[in-house]
Amino acid sequence: PPPPAGPDTGDLVVTVTDAPGDFVAYIVDVTSIRLERASGDTVETLPLTTRIDFAQLAEVTEFLSVATVPAGVYQRVTLGLDFTDAEILIQDDAGAAVPAQVVDGAGDPLGQIEVELSLAGDSAVRITPATVHAFSLDFDLDASSVVDDAVTPPVVTVEPVLLAMPALEEDREHRLRGRLARVDEGAQTVTLAVRPFRHRHGAFGRFTFAVDDATVYEIDGAVFTGGVGLVALNDLGADAPVVAASL
């Protein structure tokens with residue numbers, strides 16, 4: 001995207017993903033993604049609690065927000081999770097999806113927790129003025145969860161394992177959901193107001209991406225390629241819901 005206007009801030013593109021696992025569903029409320037500098041100053045990059053099915057992110061990385069943050073080196077990330085209304089489904093021997101009970105390491109029902117991860121060395125998030133950076137979070141479900149399916153209902157013991165990298169993972173599919181903000185036919189770019197997952201409102205930032213003559217568009221059941229598709233996309237008008245994917 002174009003660099004932000006502020007002389008002392010940069011834009012941070014936050015994405016979320018997961019490694020392949022054995023869960024049918026792993027739906028949890030993400031309440032916060034907070035970055036911290038060595039000085040102790042913190043910045044929140046997630047404007048609203050977002051309900052995420054991490055089991056659906058095994059093959060794709062989802063754009064979560066584009067946050068404008070103060071320049072600096074951020075050496076810690078804290079992920080807020082709320083398991084109070086979590087929906088975790090495992091597959092039984094017959095292939096059916098079975099709801100599981102979620103507990104912590106002590107066997108108590110799991111509620112709101114925070115997972116901290118130190119970002120040392122090359123893993124630190126370095127924000128420089130008027131530039132755009134990326135930050136990917138991986139909530140590793142298999143490493144975070146121990147399943148006991150010998151009891152009824154099954155019990156999933158959760159001790160979260162969080163991975164992060166200060167870049168986009170180039171070898172994965174990326175998906176961006178949002179409302180159409182601008183189409184520039186001359187520059188061949190599209191700007192979306194980011195709306196991750198099922199959000200219809202919220203200040204999740206804007207993201208601009210490039211298209212070309214090979215870009216494929218599916219609009220109201222019709223398929224277009226290249227410039228014709230870009231014109232058709234522009235004709236939808238502002239606020240049209242759009243899902244963009246890099247395959």
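The values are calculated or read from the model by the stated rules, or taken from the named source; none is laboratory data. Bear in mind that the values here come from a model prediction, so they are computed numbers and not experimental data. When we count neighbours, we look across all protein chains shown, and the Cβ atoms used for this are built from the backbone with ideal geometry, even at glycine. Just the protein is used for accessible areas: all its heavy atoms, side chains included, with ligands, DNA and RNA removed. Shrake-Rupley method; radii C 1.70, N 1.55, O 1.52, S 1.80 Å.
List the number of the failed condition for Ala187; all other conditions in (1) under 21 Å from the mean Cα position of the chain (by Cα); (2) modelled with pLDDT of 95 or more hold.
(1)
Name every residue in segment 81-114 that is assigned to a strand (DSSP E or B), crowded, with 17+ Cβ neighbours inside 10 Å and of a type in the set (Gly, Ala, Ser), in order of residue number.
The answer is Ala86, and nothing else.
Any residue in segment 205-231 that is touching a residue at least 40 places away in the same chain (Cβ under 8 Å) sitting within a Cβ distance under 8 Å of a residue that is of a type in the set (Asp, Glu)? List the pairs, counting only those 6 or more apart or interchain.
Gly205/Asp11; Gly227/Glu185; Gly227/Asp213; Leu230/Glu185; Val231/Glu185
Answer with yes or no whether Pro153 is part of a loop (DSSP other than H, G, I, E, B), crowded, with 17+ Cβ neighbours inside 10 Å and not small (Gly, Ala, Ser).
No; evaluated as a whole, the condition is false for this residue.
Can you give me the ranges of the strands (runs of 3 or more DSSP E) entirely in segment 157-224 with at least 1 residues that are open to solvent by 40 Å² or more (accessible area, probe 1.4 Å)?
Output list reads 162-165, 173-184, 206-210, 216-219.
Output yes when any residue across segment 63-79 is in contact (Cβ under 8 Å) with a residue 60 or more places away in the chain, under 15 Å from Val43 (Cβ atoms), open to solvent by 20 Å² or more (accessible area, probe 1.4 Å) and β-branched (Val, Ile, Thr), and no when none is.
For segment 63-79, residues in contact (Cβ under 8 Å) with a residue 60 or more places away in the chain, under 15 Å from Val43 (Cβ atoms), open to solvent by 20 Å² or more (accessible area, probe 1.4 Å) and β-branched (Val, Ile, Thr): present.
Taking the residues in segment 21-53 that are of a type outside the set (Val, Ile, Thr), within 21 Å of Glu173 (Cβ to Cβ) and more than 16 Å from the chain's Cα centre (by Cα) as candidates, determine which candidate is surrounded by the fewest Cβ atoms within 10 Å (Cβ to Cβ).
Applying the filter and picking the extreme gives Asp22.
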